[in-house]
């Protein structure tokens, strides 16, 4: 439902992938979510069905 509402293709979440606000991700534990905020410290805020989670991204 989240993915359908955004119109974006779902991407598998990995800590090495760089995400942008509005991206739709699929997390192994949390399921489908939408990136709400990208922070400068290499973290993203993602809204999942169960609520918001802070995840890391863009790790080299």
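The values are calculated or read from the model by the stated rules, or taken from the named source; none is laboratory data. Not measured: the values here are computed from a predicted model. Note: ideal-geometry Cβ built from the backbone for every residue, glycine included; neighbour counts use all protein chains shown.
Taking the criterion of being under 14 Å from residue 56 (Cα atoms), modelled with pLDDT under 95 and in contact with a strand residue (DSSP E or B) (Cβ under 7 Å, 6 or more places away or on another chain), no residue of segment 1-41 qualifies. Scan segment 19-51 residue by residue and report those that are over 19 Å from residue 7 (Cα atoms) and surrounded by fewer than 13 Cβ atoms within 10 Å (Cβ to Cβ). Of everything in segment 19-51, those that are over 19 Å from residue 7 (Cα atoms) and surrounded by fewer than 13 Cβ atoms within 10 Å (Cβ to Cβ) turn out to be 28, 29, 39, 40, 41, 50, 51.
Taken as a whole, the structure places residue 54 among residues that are part of a strand (DSSP E or B) and surrounded by fewer than 12 Cβ atoms within 10 Å (Cβ to Cβ).
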